[in-house]
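The values are calculated or read from the model by the stated rules, or taken from the named source; none is laboratory data. The shown structure was predicted, so the numbers you read here are calculated from the model rather than taken from an experiment. Quick reminder, even Gly has a Cβ in these numbers, built from the backbone with ideal geometry, and neighbours come from all protein chains shown. Note: accessible area is taken over every heavy atom of the protein model, side chains too, but ligands, DNA and RNA are not part of it. Shrake-Rupley method; radii C 1.70, N 1.55, O 1.52, S 1.80 Å.
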Amino acid sequence: MAGRASVRFSPLYLRLLSILPILLIFLAGKCSGGRIISMPSEDQLVSDGVHPGGSSGYSPFLLLRRIARSSRFSVTEGCEQTYGFLPCSTSVLGNLFLVLTYGFLMFKAATFLSGGSELLLEMLGPGIIGGLFLPILGALPDALLILVSGLSGSKEEAQNQVLIGMGLLAGSTVFLLTLLWGSCVVVGKCDLSDNSTAVDSQDTRRFSLLGSGVSTDLQTSYAARIMAISIFPFIIVQLPKIFGFPSGQHVIVLITLIVSVGLVLAYCLYQIFQPWIQRRRLAYAKHKHVISGILKHAQMQALGRLLTSDGEPNLPVIEKLFHAVDLDDDGNLSRSELRAFIIGIQFEEIDLDKDDAVNKLMADFDTSRNFTVEKKEFIQGISKWIHEAKRTVPTSGAYSKKFVQDFHKKTKEQHDMLIDKSDEVADEIENPTMVYVKAVSLLLLGTIIAAAVADPLVDAVDNFSTATNIPSFFVSFIAMPLATNSSEAVSALIFAARKKKRTSSLTFSEVYGGATMNNTLCLAVFLALVYFRHLAWDFSAEVLVIFLVCIIMGLFTSFRTTFPLWTCFIAYLLYPASLALVYVLDFKFGWS
């Protein structure tokens, strides 16, 4: 049957293999009693190959120590192993290594969760999955780290470690709205037209602060407004501090918790009924299949190979394709000629909107915006498509026949799974059970790794803070968001690099959505810890930083859709300014 999708499990196996060495290290540590980086004694030194041995001074030697079989936990000098077997350390370098290791595992967990979420979205489309399930899964690593930061130990220990959770909460939001937002502007910038709108795929002005930038749609500005509104719980929880009635703080925390949960539900319901991001993904998948169909048509017309022997676009062949489409031989392609070309291509019974396809082709090819496609523009456009296809199927080699067929097959499968249920009927998938198994496997694996690594990562950050005398808030503010948001950041930058208005809209909408979930779901988890463990709410400086960044970026992005390149500097400067503000308020004015 046409439209059946094949399922390949090799990406999952590759992901498993990428973390297998670290998991084997942990299992070996469990069997041998753990590898502990600690203060050495003369009879137990094993050189690390970098630092010289000796009894004088302090060097971060690896200490191999066996645990007695009857003992479940090994407590060394100021260092307790998480779960009784994971390595711990009291040295700076040892804890830095552990932070990087556990951070990498948390990054892999976030990657698995993202991959499983995308598969479910492709299978089931927007709705409950896209609007309710996926936003929660996206915030799961942050939520788990915040949760474990205040669960373990006594109340005093929890009060100390919960600073790590607050650092992650603030750092993740600030990272999304400053470093990532600014980088998306730089990567996605295009030339700005006379009406201050970015011209798709045209980037000739390079780093012109006023002449280049990005444009988004109105729906993206609405997402920015929702993000700005999500800051409301931070205002509520600070009311006792603002008006000076600390005795009511515990009740206010409970009220804020209820408000935060309500905002999470409201945001998810809103996404269910207005699935902007998911619909943009569906539209992009359909356009990508049109691209592959045109390349396949060029292949089938016996015009020669689309790639030369060295893997570059074959320009003479592309010229032949141009002349075949140019029916009146005037050296330009009109809308009617492009429409006739698309009608002549068989898209395997896909119900394609021909006029919409022509509009997208004109947007891709007509860089001069004179409403016709010249030969040079056509060659540049097809060459760009070929390079994108090569990136999509890099294993096909330089032979155009195989690479075009693989690319077209892959886009067809993506279209079948991403098809919009609201206006088209999806083709039957041959083995949907296997796709569900793969999605659920990725989600379970990501959840298990995130839950297992959260506690040791928090401990490593806390120990690193102790070893370096750097406040744990600053360590978690800078380091932990890189682990939990790296996969989303890479995905956002890849989309932004396509230099299209629709992909830029998707990118920035996801950034605002991530900040919204931090301000609602992750804050709700943090407030639950504070309330049920009766912890003190003493985070005025941190809340002020989150509030200022969200308000500044929210107001800045809610009422405009074009952002010149100079706007990235506003976002970039907010990041060090946030760190400096917390330091001044906490350590100079004693707010906390």
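A few remarks follow.
- Just so you know, in region 572-592 the residues that are of a type in the set (Phe, Trp, Tyr) and over 26 Å from Thr507 (Cα atoms) include one that is surrounded by the fewest Cβ atoms within 10 Å (Cβ to Cβ), and it is Phe589.
- The listed residue being among the small types (Gly, Ala, Ser), touching a helix residue (DSSP H, G or I) at 6+ places or on another chain (Cβ under 7 Å) and farther than 30 Å from Asp586 by Cα, out of Ser215, Ser183, Ser193, Ser260: Ser215
- Matching residues, region 430-479, being among the charged types (D, E, K, R) and in a helix (DSSP H, G or I): Lys438, Asp455, Asp459, Asp462
- Filtering region 229-249 to residues that are crowded, with 16+ Cβ neighbours inside 10 Å and either among the basic types (Lys, Arg) or touching a Phe, Trp or Tyr at 6+ places or on another chain (Cβ under 9 Å) (or both) leaves Ser230, Ile231, Phe234, Val237, Gln238, Pro240, Lys241, Gln249.
- Flag if Thr411 is in a helix (DSSP H, G or I), open to solvent by less than 30 Å² (accessible area, probe 1.4 Å), of a type in the set (S, T, N, Q) and modelled with pLDDT under 85: yes
- None of Thr216, Thr204 is among the hydroxyl-bearing types (Ser, Thr, Tyr) and open to solvent by less than 10 Å² (accessible area, probe 1.4 Å) except Thr216.
- From the list Tyr512, Tyr531, the one residue that fits, being under 19 Å from the mean Cα position of the chain (by Cα), modelled with pLDDT of 85 or more and hydroxyl-bearing (Ser, Thr, Tyr), is Tyr512.
- Region 156-201 - residue that is open to solvent by 50 Å² or more (accessible area, probe 1.4 Å) and of a type in the set (Asp, Glu) and, of those, nearest to Leu506 (Cα to Cα): Asp194
- Single condition Ala483 does not satisfy, out of (1) closer than 20 Å to Gly554 by Cβ; (2) at pLDDT below 85; (3) surrounded by 24 or more Cβ atoms within 10 Å (Cβ to Cβ): (1)
- Qualifying positions in region 329-375 - at pLDDT 85 or above, of a type in the set (S, T, N, Q) and open to solvent by 60 Å² or more (accessible area, probe 1.4 Å): Ser336
- Hey, Ser422 at pLDDT below 85, of a type in the set (Gly, Ala, Ser) and open to solvent by 50 Å² or more (accessible area, probe 1.4 Å) or not: yes
- Residue check, Met517 in contact with a Pro (Cβ under 8 Å, 6 or more places away or on another chain) and either under 18 Å from Lys108 (Cα atoms) or not hydroxyl-bearing (Ser, Thr, Tyr) (or both): yes
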